[in-house]
Number of protein chains: 2
Amino acid sequence: MAKEKLVKSITSMEEDFAKWYTDVCIKAELIDYASVKGCMIIRPYGYAIWENIQKNMDALFKQTGHENVYMPMFIPESLLQKEKDHVEGFAPEVAWVTHGGEEELEERLCVRPTSETLFCDHFKNIVHSYRDLPKLYNQWCSVVRWEKTTRPFLRSREFLWQEGHTLHATKEEAENETIKMLNIYAKFAEEYLAMPVVKGVKTEKERFAGAEDTYTIEALMHDGKALQSGTSHFFGDGFAKAFDITYTDKNNKPVYPFQTSWGTTTRLIGAVIMTHGDNSGLVLPPMIAPIQAVVVPIATHKEGVLDKANEVYARLNNVCRAKIDVSDQSPGWKFAEYEMKGVPVRIELGPKDIENNVCVAVRRDNGEKVVINLDELEVKIPELLKAVQQGLYDKALARRESMTYDAHNLDQMVDIAENKPGFIRAMWCGDRECEDKLKEVAGVTSRCIPFEQENLDGKCVCCGKPAKHMLYWGKAY
Amino acid sequence: MAKEKLVKSITSMEEDFAKWYTDVCIKAELIDYASVKGCMIIRPYGYAIWENIQKNMDALFKQTGHENVYMPMFIPESLLQKEKDHVEGFAPEVAWVTHGGEEELEERLCVRPTSETLFCDHFKNIVHSYRDLPKLYNQWCSVVRWEKTTRPFLRSREFLWQEGHTLHATKEEAENETIKMLNIYAKFAEEYLAMPVVKGVKTEKERFAGAEDTYTIEALMHDGKALQSGTSHFFGDGFAKAFDITYTDKNNKPVYPFQTSWGTTTRLIGAVIMTHGDNSGLVLPPMIAPIQAVVVPIATHKEGVLDKANEVYARLNNVCRAKIDVSDQSPGWKFAEYEMKGVPVRIELGPKDIENNVCVAVRRDNGEKVVINLDELEVKIPELLKAVQQGLYDKALARRESMTYDAHNLDQMVDIAENKPGFIRAMWCGDRECEDKLKEVAGVTSRCIPFEQENLDGKCVCCGKPAKHMLYWGKAY
């Protein structure tokens with residue numbers, strides 16, 4: 001068959017995980033490389049995944065009273081410098097605009113790496129009284145961080161994200177907001193992305209620049225590396241003081257408000273690839289899949305096949321995001337194509353099936369074939385999609401559990417870090433020195449102090465002194 | 001009442017239209033000024049309007065087979081320079097990134113003013129065969145043009161927009177696409193924004209940089225100035241040749257494809273303000289209003305009023321985007337506030353109304369009060385919203401017609417341009433010289449050669465020679 005393209009092949013993940021990952025990004029048509037070094041083009045199929053993430057997450061934000069706004073993409077250098085820790089954290093990795101048209105600017109502008117400083121500047125203008133609080137804002141936009149080494153979705157010089165920025169009258173309210181949004185991220189990761197996460201707080205070393213506390217959700221990828229998948233920061237009143245934001249309380253006294261910010265990015269698409277993907281390509285959770293079910297008619301030259309396939313497609317479209325492929329490629333090519341694209345369910349329909357009033361549904365997650373009576377299509381397919389969604393979560397959770405190890409002393413830690421990819425649970429005394437040493441000798445960083453604590457053995461895995469917390473450690477993206 | 005804020009007041013449009021406009025932008029809480037000169041902050045109420053525009057327009061794009069993508073925000077200088085006319089048009093007004101972190105870049109990057117060059121670069125990578133065509137792409141993003149004078153929504157250094165970029169096998173197909181998208185813009189302006197537009201083609205002088213033809217929708221503002229509200233460009237194969245994009249046709253021969261692009265921006269919000277607004281503030285068409293109906297309970301201290309108002313609000317929320325204001329501000333303050341914000345329908349509900357099982361609905365567009373039986377709420381309010389939407393369109397159309405004048409010679413043209421704000425219809429010979437002269441002596445520019453032609457008198461309004469077209473002329477934003 002001259003018309004048939006070669007079935008796309010990718011590197012296996014056992015052979016080279018990094019290569020497998022970029023192969024999937026390219027062959028599933030999620031991205032293309034751009035002329036601009038370190039930036040990527042998000043192609044229609046990749047962007048449709050982002051649209052599904054965005055639509056569903058945005059609904060969760062709005063249900064909890066948040067409003068969307070849009071801030072400028074530029075930050076004057078003097079504004080960026082107002083909060084000392086913040087500028088130290090970000091200045092080394094920002095892109096600078098120095099010229100507008102033919103003229104040199106009086107003051108350099110950085111392309112936003114994050115927008116705390118812009119929100120503070122705005123809050124100062126619009127918040128005067130306790131009646132103006134809280135402000136519960138969010139923004140969907142792109143940000144720029146001038147990274148040296150980049151990878152599609154995981155680390156690129158420009159990426160898409162949402163950044164929430166909220167301002168509250170009391171410390172307690174701001175702390176509650178920080179946790180509330182972390183819980184929304186965890187809910188989203190687990191229910192929409194079918195990706196189990198560990199919720200916890202970062203150590204001081206791993207905190208966001210300028211934050212008093214950084215909370216995180218950490219996921220475990222196929223290769224045993226950890227991926228920070230969403231963070232929520234409590235700022236106390238540090239930014240308010242740096243930007244001189246005050247409001248008059250009910251006693252007519254000027255006081256500083258408390259602030260939070262929280263963000264997730266297109267990195268979530270990378271997380272999905274590395275959590276569910278396999279050697280045939282992408283595997284998408286139905287909740288965010290652009291195409292949930294694809295109809296592939298078999299022996300389309302036989303009378304009635306195309307008509308019936310189109311009828312099945314039209315009916316499917318009422319209950320899920322469906323597609324039909326009537327192109328002149330062979331069924332085998334189509335099977336491989338939609339496997340590569342991670343479509344959760346494939347519907348095969350040939351003359352024999354039509355005779356028997358059935359179709360064959362094939363699950364992408366486990367290859368299972370289910371014969372479905374066409375009369376039950378509208379009931380069975382949504383059920384199957386739910387089963388795929390749950391199946392993906394269960395499989396990811398089981399894998400994470402099988403790849404989570406406990407270490408009781410430094411030797412064990414080094415041994416696990418070297419030989420067993422995954423999360424390592426171990427106690428910690430709370431000293432930065434031990435944290436640094438673990439990085440040095442075992443190559444691991446602290447992922448988080450999980451909310452669910454367990455006293456493994458009472459002593460620090462590094463120095464043996466009494467431990468304060470149980471931590472998750474690992475190698476990270 | 002110490003708690004009551006002062007009713008917001010704005011400059012009247014007769015006194016100072018420009019000041020009235022910015023007053024509405026600020027007092028209706030659509031925008032705030034930013035520390036970055038020439039940029040604006042789009043506040044929640046303004047952004048919610050944009051979200052409604054975006055959601056509805058995006059649906060129209062998807063219905064016609066377009067897919068969303070995301071391109072990098074940076075364009076390397078060498079890439080921008082590939083199409084000669086294009087770079088000449090845009091280079092003087094772009095912002096340049098010269099440093100990443102501490103290092104100077106090897107090549108300057110401009111922040112995208114528009115993305116033709118990026119799309120061409122990508123098309124070259126992914127289009128090889130006639131089977132790969134057409135590509136029907138769109139992108140929602142922000143762009144930067146380093147303007148000297150700026151005004152909220154109408155002209156700012158950064159603005160939000162959508163840019164469609166499509167690639168076709170034939171010239172005819174690309175031309176059809178250009179017109180199809182112009183028609184979608186016109187439909188959107190008229191049906192969603194209640195704003196009548198003139199559809200036509202730009203003269204060569206007013207064309208987009210690099211285009212063979214630029215089509216436009218032109219609207220008339222309250223003050224008689226024209227506002228270009230959406231454009232659609234046919235590029236021929238000029239960009240394809242400049243970027244060396246070819247595909248192999250069915251005869252296996254390499255040929256150049258044909259290209260289009262089309263865009264609308266947050267300027268549409270400015271158009272809505274200046275088309276429907278009045279001296280009490282914003283007036284929003286229900287189709288894009290963030291709040292379609294606001295419930296203002298009267299005498300809330302009376303027993304049962306708040307409960308009933310909340311019940312009415314809950315019922316309204318099932319049939320439209322509703323809000324209830326139970327704050328301790330006075331009804332008078334609330335009336336003024338939601339008038340300023342342009343909420344299409346206000347629902348007043350007091351003890352007397354409750355006794356009679358009615359509420360009073362007040363239309364923002366004409367002040368009309370309608371007594372509605374509460375049993376009919378779910379039917380009557382959507383009907384009323386439709387009536388407001390239609391009423392706004394009819395009023396705007398009537399005003400445009402009353403402000404459209406015909407000129408038959410240069411003296412008339414100058415007289416109308418000086419004394420009668422509005423559109424001027426006049427014949428044109430097609431020479432650039434006459435177009436330039438009209439700008440010089442009458443201060444008007446050609447808005448478009450409308451699709452609907454009428455031969456007014458056969459001779460050019462400027463030189464008197466035989467005319468080729470009837471044009472719309474005017475002063476423009």
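The values are calculated or read from the model by the stated rules, or taken from the named source; none is laboratory data. Note that the structure is predicted; figures quoted are calculated from it, not measured. Every residue, glycine among them, receives a Cβ derived from its backbone with ideal geometry; neighbour counts consider all protein chains shown.
General remarks:
- Single match in A:160, A:105, A:167 (criterion: within 14 Å of another protein chain (Cβ to nearest Cβ), surrounded by 24 or more Cβ atoms within 10 Å (Cβ to Cβ) and part of a strand (DSSP E or B)): A:167
- So residue B:284, is it in a helix (DSSP H, G or I), at pLDDT 95 or above and either assigned by TED's automatic domain parsing to the domain that holds residue B:158 or under 31 Å from the mean Cα position of the chain (by Cα) (or both): no
- For residue B:67: the one exception among (1) out of contact with any Pro (no Cβ under 6 Å at 6 or more places or on another chain); (2) farther than 25 Å from residue A:136 by Cα: (1)
- Listed by position, the strands (runs of 3 or more DSSP E) contained in segment A:1-90 that have at least 3 residues being under 27 Å from residue A:211 (Cα atoms) are A:74-76.
- In this structure, residue A:121 qualifies as within 8 Å of chain B (Cβ to nearest Cβ), under 30 Å from residue A:251 (Cβ atoms) and over 28 Å from the mean Cα position of the chain (by Cα).
- Residue match in segment B:320-340 (condition: out of contact with any Lys or Arg (no Cβ under 6 Å at 6 or more places or on another chain) and free of Cβ contacts under 8 Å to residues at least 24 places away in the same chain): yes
- Residue satisfying all of: in segment B:142-154; surrounded by fewer than 19 Cβ atoms within 10 Å (Cβ to Cβ) and in contact with a Lys or Arg (Cβ under 8 Å, 6 or more places away or on another chain); nearest to the other protein chains (Cβ to nearest Cβ) among these: B:147
- Filter pass, residue B:426 being assigned to a strand (DSSP E or B), within 24 Å of residue B:230 (Cα to Cα) and not assigned by TED's automatic domain parsing to the domain that holds residue B:194: yes
- Scanning segment A:413-431 for residues that are buried (at least 16 other Cβ atoms within 10 Å of the Cβ) and in contact (Cβ under 8 Å) with a residue 40 or more places away in the chain yields A:413, A:417, A:421, A:422, A:423, A:424, A:425, A:426, A:427, A:428.
- Test: residue B:458 is small (Gly, Ala, Ser), within 26 Å of residue B:194 (Cβ to Cβ) and either modelled with pLDDT of 95 or more or not assigned by TED's automatic domain parsing to the domain that holds residue B:206 (or both): no
- Residue tally, condition more than 8 Å from every other protein chain (Cβ to nearest Cβ) and either buried (at least 17 other Cβ atoms within 10 Å of the Cβ) or among the small types (Gly, Ala, Ser) (or both), over segment A:63-76: 2
- Residue B:175 vs. criteria farther than 21 Å from residue B:145 by Cα and surrounded by fewer than 17 Cβ atoms within 10 Å (Cβ to Cβ): no
- All conditions in (1) aliphatic (A, V, I, L, M); (2) facing chain A (nearest Cβ under 7 Å); (3) more than 18 Å from the chain's Cα centre (by Cα); (4) closer than 26 Å to residue A:134 by Cβ hold for residue B:79, with the sole exception of (4).
- Conditions (1) surrounded by 18 or more Cβ atoms within 10 Å (Cβ to Cβ); (2) touching a His at 6+ places or on another chain (Cβ under 9 Å); (3) not in a loop (DSSP other than H, G, I, E, B): number failed by residue B:395: (1)
- Matching option when the condition is under 30 Å from residue B:250 (Cβ atoms), in contact with a Pro (Cβ under 8 Å, 6 or more places away or on another chain) and either among the aromatic types (Phe, Trp, Tyr) or modelled with pLDDT under 95 (or both), among B:130, B:137: B:137
- Check on residue B:291, assigned to a loop (DSSP other than H, G, I, E, B) and within 32 Å of the chain's Cα centre (by Cα): yes
- Inclusion of residue B:148 among residues that are charged (D, E, K, R) and either touching a helix residue (DSSP H, G or I) at 6+ places or on another chain (Cβ under 8 Å) or assigned by TED's automatic domain parsing to the domain that holds residue B:449 (or both) is not warranted.
- Residue match in segment B:442-455 (condition: modelled with pLDDT of 95 or more, outside the structural domain of residue B:217 (by TED's automatic domain parsing), under 23 Å from residue B:217 (Cα atoms) and in contact with a Cys (Cβ under 8 Å, 6 or more places away or on another chain)): no
- Residues of segment A:345-352 include none that is over 15 Å from residue A:297 (Cβ atoms) and either assigned by TED's automatic domain parsing to the domain that holds residue A:29 or out of contact with any Leu (no Cβ under 7 Å at 6 or more places or on another chain) (or both).
Conditions tested, residue by residue: (1) over 25 Å from residue B:100 (Cβ atoms); (2) away from chain B (no Cβ under 11 Å); (3) at pLDDT 95 or above; (4) more than 18 Å from the chain's Cα centre (by Cα).
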| site | (1), (2), (3), (4) |
| --- | --- |
| A:25 | no, yes, yes, no |
| A:32 | no, no, yes, yes |
| A:36 | no, no, no, yes |
| A:42 | no, no, yes, no |
| A:45 | yes, no, yes, no |
| A:48 | yes, no, yes, no |
| A:53 | yes, yes, yes, no |
| A:61 | yes, yes, yes, no |
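- Residue that is farthest from residue B:122 (Cα to Cα) [pool: residues in segment B:82-95 that are surrounded by 21 or more Cβ atoms within 10 Å (Cβ to Cβ) and away from chain A (no Cβ under 11 Å)]: B:86
- Scope segment B:127-139; condition within 32 Å of the chain's Cα centre (by Cα), without any contact (Cβ under 8 Å) to a residue 60 or more places away in the chain and at the interface with chain A (Cβ under 10 Å from one of its Cβ atoms); matching residues: B:135
- Verdict on residue A:98 being surrounded by fewer than 23 Cβ atoms within 10 Å (Cβ to Cβ), at the interface with another protein chain (Cβ under 7 Å from one of its Cβ atoms) and among the polar types (S, T, N, Q): yes
- Qualifying positions in segment A:326-362 - crowded, with 17+ Cβ neighbours inside 10 Å, more than 16 Å from residue A:284 (Cβ to Cβ) and of a type in the set (Lys, Arg): A:334
- Residue among A:388, A:441 that is part of a helix (DSSP H, G or I), of a type in the set (Val, Ile, Thr) and closer than 22 Å to residue A:190 by Cβ: A:388
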